[in-house]
Amino acid sequence: MKVMITAKNYKPSERLQDNIEKKFSKLEKFFDEDVTANVIVSKFKDKTKLEATINTKQTLFRAEEISDNVYEAMDLIIDRLSSQMKKFKGKLESRYKENKALKFEFIPNDEEEEDNLTVVKRKQFELQPMNYEEAILQMEMLGHNFFVYFDMDTESTNVVYKRKGDAYGLIETYR
């Protein structure tokens, strides 16, 4: 696993960088392919924030933690990512033989803004065919409130979303 470390308002020591790489290498057992973990270490006042993102062909794993101790935050992130990966792998093995999921790419917004409408973040991704159950699983794994996907049965772009309680909603589109 390749680990890319970015620091904000902070200069991480060699020891910390080595420790981050060592901890993240323990997650390699979950992947067949070579993946990259992006880790952002931010320092503000007396707290340290760690953010980690691992983008695979199947899904996107993400965790963040704020703590007084950077090593404690790192352990919590590794535990959270490991838990997400085990849950994702187990659900896929029990439901699907072949997994196709979304690939997220962050792109800069270099278009001029009009009037008061401001886009602060833009995402592009390739829609992979899946059913609503897999879309809900992807939404849960990402920790989002909604998820856009291409429904393989209806061949349309749909949206699943969280409702109050433990319920989900489905928006189906047509032309």
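Contact map, region 39-53: residues that are surrounded by fewer than 15 Cβ atoms within 10 Å (Cβ to Cβ) paired with residues that are of a type outside the set (G, A, S) and assigned to a strand (DSSP E or B), Cβ distance under 8 Å, separation 6+ or inter-chain. Pairs shown: K47/I66.
Among residues of region 138-154 that are assigned by TED's automatic domain parsing to the domain that holds S83 and within 14 Å of F125 (Cβ to Cβ), none has a Cβ under 9 angstrom from a residue that is hydrophobic (A, V, I, L, M, F, W, C) and part of a helix (DSSP H, G or I) at a sequence gap of 6+ or on a separate chain. For region 140-150, the count of residues that are touching a Pro at 6+ places or on another chain (Cβ under 8 Å), of a type outside the set (A, V, I, L, M) and modelled with pLDDT of 85 or more is nonzero.
The values are calculated or read from the model by the stated rules, or taken from the named source; none is laboratory data. Everything numeric here is computed off the predicted structure, so don't read it as measured data. Positions of Cβ are generated from backbone atoms using ideal geometry, with glycine treated the same way; all protein chains shown enter the neighbour counts.
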